[in-house]
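Step one of this worksheet: look at the structure below.
The values are calculated or read from the model by the stated rules, or taken from the named source; none is laboratory data. The structure presented is a predicted model; accordingly, all values stated were derived computationally and were not measured. A quick note on method: Cβ atoms are made from the backbone with ideal geometry, for glycine too, and the neighbour counts reach across all protein chains shown.
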Amino acid sequence: MSAVRVQPGNSPVILAFPHSGTHVPPEIFSRLNTEGQVLRDTDWHLHRLYDGLLPGATIVAAQFHRYVIDANRDPLGASLYPGQNTTGLIPLTNFDGKPIWQRGQEPTELDRELRLEQFFAPYHAALSREIARVKALHGTAILYDCHSIRSIIPFLFEGRLPDLNLGTNSGQTCAPELEAAAGRVVASAAGFSHVVNGRFRGGWTTRHYGQPHANVHAVQMELAQSTHLNTETPPFAYDEAKADGLRLHLSDLLKELETLAPELPRG
């Protein structure tokens, strides 16, 4: 299986999916413990949730699971949120702080090097190519990084996560006009709570590629999974009724970004 799936489009908006893949090569899967093999921290059903919301959007999706290697972490291992609990480039625990590898089967330095080469690098090479292609077409590119997470995870954050978590690394990864417009859309999403640059301000992808001075703008959307799943525990079933209500607002958001693209200041 290829490490990455790419669907080129003609819109200025690119949808990236670093954490919705579920493929774990058998030789890696056999090293996970019982908890690890649940793949609990998958961004479940995001492809279905976003399917068809913005015709013409480019899609770049990692096929591999984040337990193989996390495509949204600094490849050098630096923490995205210093001083806060998080998981690393190759996670040793799940989001509850529980070990995911069998004792004695934890990833080695050689594993890290191989997985960077075989999984991480192809994903980001594809994403870089699509950003360059879209920018050449439109003069600007908007990267929308698609994420979801369980709404209650005491190991990572207190209380219940807002439904819609928009991240721009405190305004550094996109033009102010874009952040403001996106913020207005999520604030007007009736029935859904929201925050801008709260607990999740944007991961490595958003921070690495978001360079508004170079006409590449990036935002991260972290959705609480309670907004579109029937349950946040196995089997993590998709709830079509819930999701349909959310899809209306996500569609509005993506269309707003696409409409705004020609009006963004050029560096």
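Take segment 85-103 and flag every residue that is surrounded by fewer than 19 Cβ atoms within 10 Å (Cβ to Cβ), under 16 Å from the mean Cα position of the chain (by Cα) and among the hydroxyl-bearing types (Ser, Thr, Tyr). Scanning segment 85-103 gives a single hit, 86.
Of the residues contained in segment 28-38, one or more are found to be part of a loop (DSSP other than H, G, I, E, B), touching a Phe, Trp or Tyr at 6+ places or on another chain (Cβ under 7 Å) and either modelled with pLDDT under 95 or among the charged types (D, E, K, R) (or both). Residue 50 meets the conditions (1) surrounded by fewer than 24 Cβ atoms within 10 Å (Cβ to Cβ); (2) without any contact (Cβ under 8 Å) to a residue 60 or more places away in the chain; (3) among the aromatic types (Phe, Trp, Tyr) in every case but one. The failed one is (2). Note on segment 216-267: residues that are under 19 Å from the mean Cα position of the chain (by Cα), among the polar types (S, T, N, Q) and farther than 19 Å from residue 168 by Cβ amount to 4. Say whether the condition of being within 12 Å of the chain's Cα centre (by Cα) and closer than 16 Å to residue 119 by Cβ is met by at least one residue in segment 31-40. Among the residues of segment 31-40, not one is within 12 Å of the chain's Cα centre (by Cα) and closer than 16 Å to residue 119 by Cβ, which makes the answer no. In the condition set (1) at pLDDT below 95; (2) closer than 26 Å to residue 232 by Cβ; (3) surrounded by fewer than 17 Cβ atoms within 10 Å (Cβ to Cβ), residue 82 is compliant with all but (2). Among the residues of segment 132-147, those that are part of a helix (DSSP H, G or I) and surrounded by fewer than 23 Cβ atoms within 10 Å (Cβ to Cβ) comprise 132, 133, 135, 136, 137, 138. Could we say that residue 100 is in contact with a helix residue (DSSP H, G or I) (Cβ under 7 Å, 6 or more places away or on another chain) and closer than 17 Å to residue 205 by Cα here? In short, no. The residue that is farthest from the chain's Cα centre (by Cα), among those in segment 1-27 that are more than 17 Å from residue 125 (Cβ to Cβ) and among the β-branched types (Val, Ile, Thr), is 24.
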